[in-house]
Amino acid sequence: MNKNRQKAIETAKYIVENSGKRPKTAILTGTGLKDIAAFVDVTHEFGYAQIPHFPISTVQTHLGKLLIGNFREKEIIVFQGRFHLYEGYCPQEVVYPVRVMQEMGVETLILSNASGGLKPSFSPGDIMVITDHINLTGENPLAGINEENWGIRFPDMTDAYDRKLSSLSEKIGKAQHFSIKKGVYAGLKGPCLETPAEVRFLQIIGAEAVGFSTVQEVIAAVHGGIRVLGLSTITNVHDPDNPRPSTVDEIIAVAESTTPKLETIIKQVIEKTDER
């Protein structure tokens, strides 16, 4: 057993012993989306700093709290804040929450993020259901000695994003008359935003949205047999021919404005999805 798994086991044990819960569904929130799981009836709350071996969020709007509660008679675990490579964390630290979920028995992971749109047909405030991703970070959480208890050495990524969950999310969004898109998410290391030349490159290789998170966690989740739903809030749309500077405050404001829509989708996905 490697040291990372031993730590994840100890973290999972701490959470289970102090909550008495083993949720099957997890929600991991992104920038500007800290209140996305307000519908959960919280029974237990932990600050990341008090959880053994857990990293600390350093990014604005990432609260650094773990919540456990109930929704429609289902137990839910919510991670308010994630970790990024640009914060200086290594890939194994970025995906640490996923490994803890795995040790707790989580079966479904719902990920949200804020991202930049790469298609002219996108608008700020759109929600994009992630159908696939392109890992341009230069990092992979599976590099190094494989922990066989977590997964196989060469996991297949054909269906990294669960098709049933993605299709269900799209149907829910359209039924609610939300502006729903679907597409490929490109993950960069960050933290600087993309140059016009980089935007053109991303468009050429087939990306529809770009951000600094998600791909590492999805790789670890697939490795661990956890099904994944990825939802991106389009906070700004890149036009390389007419570039417009974006600020973090603007991005956060748009992300926060979409929280009710994302919450509606996530609630109905949880309601309509049977636990395995």
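The values are calculated or read from the model by the stated rules, or taken from the named source; none is laboratory data. As the structure is a prediction and not an experimental result, all values here were calculated from the model. When we count neighbours, we look across all protein chains shown, and the Cβ atoms used for this are built from the backbone with ideal geometry, even at glycine.
Can LYS181 be described as of a type in the set (Lys, Arg) and either surrounded by 19 or more Cβ atoms within 10 Å (Cβ to Cβ) or free of Cβ contacts under 8 Å to residues at least 60 places away in the same chain (or both)? So LYS181 passes the test. Beta carbons closer than 9 Å, at least 6 apart along the sequence or on distinct chains, pair a first residue in region 26-50 that is closer than 14 Å to PRO97 by Cβ and touching a residue at least 12 places away in the same chain (Cβ under 8 Å) with a second that is in a strand (DSSP E or B) and hydroxyl-bearing (Ser, Thr, Tyr) for ALA26/THR108; ILE27/SER112; LEU28/SER112; THR29/SER112; GLY30/SER112; GLY30/SER115; GLY30/SER232; GLY30/THR233. Scanning region 239-263 for residues being assigned to a helix (DSSP H, G or I) and buried (at least 16 other Cβ atoms within 10 Å of the Cβ) gives a total of 10. Do we have ARG153 as within 30 Å of PHE201 (Cβ to Cβ), surrounded by fewer than 19 Cβ atoms within 10 Å (Cβ to Cβ) and at pLDDT 95 or above here? Answer is no for this residue. Among the residues of region 115-173 satisfying the criterion of being hydroxyl-bearing (Ser, Thr, Tyr) and within 19 Å of the chain's Cα centre (by Cα), which is farthest from GLN102 (Cα to Cα)? Within region 115-173, the match that is farthest from GLN102 (Cα to Cα) is SER115.
The single residue among ALA160, ALA114, ALA143 that is closer than 21 Å to GLY224 by Cα, in contact (Cβ under 8 Å) with a residue 60 or more places away in the chain and not polar (S, T, N, Q) turns out to be ALA160. Restricting attention to region 108-135, the residues that are closer than 19 Å to SER246 by Cβ, at pLDDT 95 or above and of a type in the set (A, V, I, L, M) add up to 3. When residues in region 234-264 are screened for being at pLDDT 85 or above, among the hydroxyl-bearing types (Ser, Thr, Tyr) and farther than 13 Å from VAL210 by Cβ, 4 of them pass.
With respect to ARG200, determine if the residue is touching a Pro at 6+ places or on another chain (Cβ under 9 Å), of a type outside the set (A, V, I, L, M, F, W, C), farther than 23 Å from THR25 by Cα and modelled with pLDDT of 95 or more. Taking the combined requirement at face value, the residue satisfies it.
If you check ALA49, ALA38, ALA26 for being crowded, with 22+ Cβ neighbours inside 10 Å and either small (Gly, Ala, Ser) or not in a loop (DSSP other than H, G, I, E, B) (or both), only one passes: ALA26. When you look at PHE83, is it crowded, with 21+ Cβ neighbours inside 10 Å, under 22 Å from ASN113 (Cα atoms), touching a Leu at 6+ places or on another chain (Cβ under 9 Å) and among the aromatic types (Phe, Trp, Tyr), yes or no? Considered against the rule, which asks whether it is crowded, with 21+ Cβ neighbours inside 10 Å, under 22 Å from ASN113 (Cα atoms), touching a Leu at 6+ places or on another chain (Cβ under 9 Å) and among the aromatic types (Phe, Trp, Tyr), PHE83 comes out as no. Residues of region 125-174 that are of a type in the set (Asp, Glu) and touching a helix residue (DSSP H, G or I) at 6+ places or on another chain (Cβ under 6 Å): GLU139, GLU147. Comparison of GLY211, GLY190, GLY225 shows that the only residue that is surrounded by fewer than 20 Cβ atoms within 10 Å (Cβ to Cβ), more than 30 Å from ARG22 (Cα to Cα) and small (Gly, Ala, Ser) is GLY190. So, VAL218, is that one crowded, with 18+ Cβ neighbours inside 10 Å and in a helix (DSSP H, G or I) or not? Yes, satisfied.
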